[in-house]
Amino acid sequence: MIPELQPWMLLIVAMIVFTIGLLGVIVRKNLLIMLMSIELMLNSVNLCFVAFSRIHHLVEGDLTALFVMTVAAAESAVGLGLVIALFRTLRTVDSDQIQMLRD
Amino acid sequence: MDSFESLSLVSPWLVLAGGILATMMISVVRVSTKRPAQVFAILTLFLTLLCCLKNMPEGTQVLFNGAMEVSPLTTLALALLSVLGILFGFGSSRYLTKEKIHFSDYYHLLLILILGASILMCAKDLVVMFIALEVMSLPAYTLAGFRRNDARSNEAAIKYYITGGTLGAVFLLGASFVFGATGSTHLADIFLWSQGTTANFGLFYVGHVLLLIAFLFKVAAVPFHFWKPDVYEGAPTAVTGVMATVVTMAGFVVLARLLGMIDSARIEWVPYFESLKQLIRLVAVLSLVVGSAVVVTQKNLKRMLAYSSISHSGYLLLGLLAAMTKPELIYSVWIYLFGYSLMTCGLFLLISQSEPREDAGTELVDLTGLFKRSPFRTLLWTIFLLSMAGMPLTIGFFTKYFVFLSSLDAGEGIFAVVAAVCAVVGAYAYLRPIALMVMRDADPTAASFKTSFTGQLAVVISALGVVGWGIMPNLVIQILKGIALQH
């Protein structure tokens, strides 16, 4: 038998997705993958907000998720633009090869 | 409060937002590198400044169902941001021409950044805070990469974007935990919740600390500072100046708000509040020590100022720490922010005007023998560097003095001593360029500077501010103390 979906299960999924996103930013070397990981983190937070607003029987959490989606779209557009500008000058999106600034 | 009155309270923000739309229209209608966008942006900032001074609120006013609050502090801070924007707007036009930066886009994004920072300072709701944070950060990422043909500028933008984006997500995660624990994102409701109960304490604890970490990253306090020197070095110099002043200011106002999120007077919350103090203590001392120690070793002026701003974050955190014990001591933080942004603004304008090569930031050696070539510019450099070092008769002395004073007042004397030692070590780093300028002979091959009249004027105005406030500190300090008492 499949158990009924509970809000705390959503929270666990959200935490797993957030961890994947955070590890993606830290571990992966491809800038595009890093952008995707940031989006993953933002989306997992959306899931968190929705789950909490189910627990509290409130609507604020759902609304917040909408705001976050809008901002996330703007943010990824800017990020992609920056990656393209970088690719034009350096011809690479590998973060290991982007090391002109250091002590 | 009737709606007309609240409209007049937010009128500076409305003027600024209207000016942003107008500047955007201009950049659509007339895509050129010529003046109209600059004139329009500076006009907008002037109008915002006038509106701020005319509509100074009396006491704290809560607006939009508690999502924002307008207080004398926020309006005064917006006035200061407008002044900084005007100085940067006048001072950086020749730099923009030299670096072939698109005028209208630059001024448009500069205005959006200032709007985001000023809303961030008013936000009383975690969601509004997040949106304002992004409104401030997105232009900052873009501006950092504005020298599009220079790979270092692009690298700085990407580094800033990746850390900033990750931290935005961390802030949101914290906000969702706090929402889950308290059932609200309004800071006022969270405060009420903290007075009634300590239920869901664990969830709230994690969320609150995540929120604080996100903003400690934004102000680059020490374990969270690694991105700052790279971003400062790579970004166009005029933009670095904006980031150093505007973003730092907004970051510390929000940190003060986040630390005051719970009712620390309640006996149940005292142990938690003490552990928060330990966190701030640790971060403050680390920032002071690392910032002051590393600033001495730097050879690039922009990198040097990045580490210098990390140590300034340390002083500001000491001020916040004192305010956690006695709330009225927050005035030392406001004084520090106002004075610090004035002198940093002048210093970055000077660097942007004296960059000798097309592509590079100023190295320290480029200043060698400046006195022989241009005594007046040497005088300006000396004023700002002495102010950074905290010499009396400049504003830099009073900013540090009040932080020491409030640390002693709050019983954190040992940290005042640490800060004083760090100030002495840091002073060496600021005096070294002065020695280079005055005591060495000039390199005959060095390029001469060409500065525009308005650019020179902007630097002179901020120098007059730094010295004038240093000689007559009482006026502004009384105003800021009054604000801190009301807060």
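The values are calculated or read from the model by the stated rules, or taken from the named source; none is laboratory data. Bear in mind that the values here come from a model prediction, so they are computed numbers and not experimental data. Positions of Cβ are backbone-derived with ideal geometry, glycine not excepted, and every protein chain shown enters the neighbour counts. For the accessible areas, the whole protein counts, side chains as well, though only heavy atoms, and no ligand, DNA or RNA atoms are used. Shrake-Rupley method; radii C 1.70, N 1.55, O 1.52, S 1.80 Å.
Of note:
- Residue within region B:82-92 that is in a loop (DSSP other than H, G, I, E, B), open to solvent by 30 Å² or more (accessible area, probe 1.4 Å) and modelled with pLDDT under 95 present: no
- Residue check, A:Leu22 of a type outside the set (Gly, Ala, Ser), open to solvent by 50 Å² or more (accessible area, probe 1.4 Å), assigned to a helix (DSSP H, G or I) and more than 11 Å from chain B (Cβ to nearest Cβ): no
- B:Ile131 meets all of the listed conditions (1) within 14 Å of another protein chain (Cβ to nearest Cβ); (2) open to solvent by 10 Å² or more (accessible area, probe 1.4 Å); (3) more than 22 Å from A:Met69 (Cα to Cα) but one, namely (3).
- When B:Tyr331, B:Tyr340 are screened for being in contact with a His (Cβ under 6 Å, 6 or more places away or on another chain) and under 24 Å from B:Gly251 (Cβ atoms), only B:Tyr340 passes.
This table checks each residue for (1) closer than 22 Å to B:Gly66 by Cα; (2) buried (at least 24 other Cβ atoms within 10 Å of the Cβ); (3) at the interface with chain A (Cβ under 7 Å from one of its Cβ atoms).
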{"position": "B:Ala151", "(1), (2), (3)": "no, no, yes"}
{"position": "B:Ile158", "(1), (2), (3)": "no, yes, yes"}
{"position": "B:Leu172", "(1), (2), (3)": "yes, yes, yes"}
{"position": "B:Gly183", "(1), (2), (3)": "yes, no, yes"}
{"position": "B:Ala188", "(1), (2), (3)": "yes, no, no"}
{"position": "B:Phe191", "(1), (2), (3)": "yes, no, no"}
{"position": "B:Ser194", "(1), (2), (3)": "yes, no, no"}
{"position": "B:Ala199", "(1), (2), (3)": "no, no, no"}
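- Residue check for B:Leu288: modelled with pLDDT of 90 or more and either hydroxyl-bearing (Ser, Thr, Tyr) or crowded, with 24+ Cβ neighbours inside 10 Å (or both): yes
- Qualifying residue in region B:207-229 (condition: within 13 Å of chain A (Cβ to nearest Cβ), among the hydrophobic types (A, V, I, L, M, F, W, C) and more than 20 Å from the chain's Cα centre (by Cα)): yes
- Taking the criterion of being assigned to a helix (DSSP H, G or I), in contact (Cβ under 8 Å) with a residue 40 or more places away in the chain and either closer than 24 Å to B:Leu258 by Cα or open to solvent by 10 Å² or more (accessible area, probe 1.4 Å) (or both), the only residue of region B:291-302 that qualifies is B:Ala293.
- Criterion violated by A:Gly79 - all others in (1) outside any helix (DSSP H, G or I); (2) open to solvent by less than 60 Å² (accessible area, probe 1.4 Å); (3) facing chain B (nearest Cβ under 9 Å) satisfied: (1)
- A:Leu32 under 23 Å from A:Val71 (Cα atoms), touching a residue at least 40 places away in the same chain (Cβ under 8 Å) and open to solvent by 60 Å² or more (accessible area, probe 1.4 Å): yes
- Unmet criterion (only one of (1) more than 28 Å from B:Leu45 (Cβ to Cβ); (2) in contact (Cβ under 8 Å) with a residue 40 or more places away in the chain; (3) not in a helix (DSSP H, G or I)) for B:Phe146: (1)
- Taken over region B:213-238, the residue count meeting the criterion of being part of a helix (DSSP H, G or I) and within 17 Å of B:Ser137 (Cβ to Cβ) is 12.
- Single condition A:Ile55 does not satisfy, out of (1) in contact with a Leu (Cβ under 8 Å, 6 or more places away or on another chain); (2) hydrophobic (A, V, I, L, M, F, W, C); (3) at the interface with another protein chain (Cβ under 9 Å from one of its Cβ atoms); (4) open to solvent by 40 Å² or more (accessible area, probe 1.4 Å): (1)
- Taking region B:409-419 as the range and being surrounded by 15 or more Cβ atoms within 10 Å (Cβ to Cβ) and of a type outside the set (Asp, Glu) as the test, the residues that pass are B:Ala410, B:Phe415, B:Ala416, B:Val418, B:Ala419.
- Boolean, A:Ile16 is away from chain B (no Cβ under 11 Å) and not hydroxyl-bearing (Ser, Thr, Tyr): yes
Conditions tested, residue by residue: (1) in a helix (DSSP H, G or I); (2) farther than 26 Å from B:Ala293 by Cα; (3) at pLDDT 90 or above; (4) open to solvent by 50 Å² or more (accessible area, probe 1.4 Å).
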{"residue": "B:Arg377", "(1), (2), (3), (4)": "yes, yes, no, no"}
{"residue": "B:Asp441", "(1), (2), (3), (4)": "no, yes, no, yes"}
{"residue": "B:Lys450", "(1), (2), (3), (4)": "no, yes, no, yes"}
{"residue": "B:Gly455", "(1), (2), (3), (4)": "yes, yes, no, no"}
{"residue": "B:Ile461", "(1), (2), (3), (4)": "yes, yes, yes, yes"}
{"residue": "B:Ile483", "(1), (2), (3), (4)": "yes, yes, no, no"}
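- Qualifying positions in region B:160-170 - at the interface with chain A (Cβ under 7 Å from one of its Cβ atoms), open to solvent by 10 Å² or more (accessible area, probe 1.4 Å) and not polar (S, T, N, Q): B:Ile162
- Pick from region A:58-76, criterion among the hydrophobic types (A, V, I, L, M, F, W, C) and in contact with a helix residue (DSSP H, G or I) (Cβ under 7 Å, 6 or more places away or on another chain), ranking: surrounded by the fewest Cβ atoms within 10 Å (Cβ to Cβ): A:Val59
- Selection status of B:Lys277, at pLDDT below 90 and either among the basic types (Lys, Arg) or buried (at least 24 other Cβ atoms within 10 Å of the Cβ) (or both): no
Here's the yes/no breakdown for (1) aliphatic (A, V, I, L, M); (2) open to solvent by less than 30 Å² (accessible area, probe 1.4 Å):
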residue: B:Leu7; (1), (2): yes, no
residue: B:Pro12; (1), (2): no, yes
residue: B:Gln38; (1), (2): no, yes
residue: B:Ala41; (1), (2): yes, yes
residue: B:Glu58; (1), (2): no, no
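- Under the condition of being in contact with a His (Cβ under 9 Å, 6 or more places away or on another chain) and hydrophobic (A, V, I, L, M, F, W, C), the residues counted in region B:79-125 number 1.
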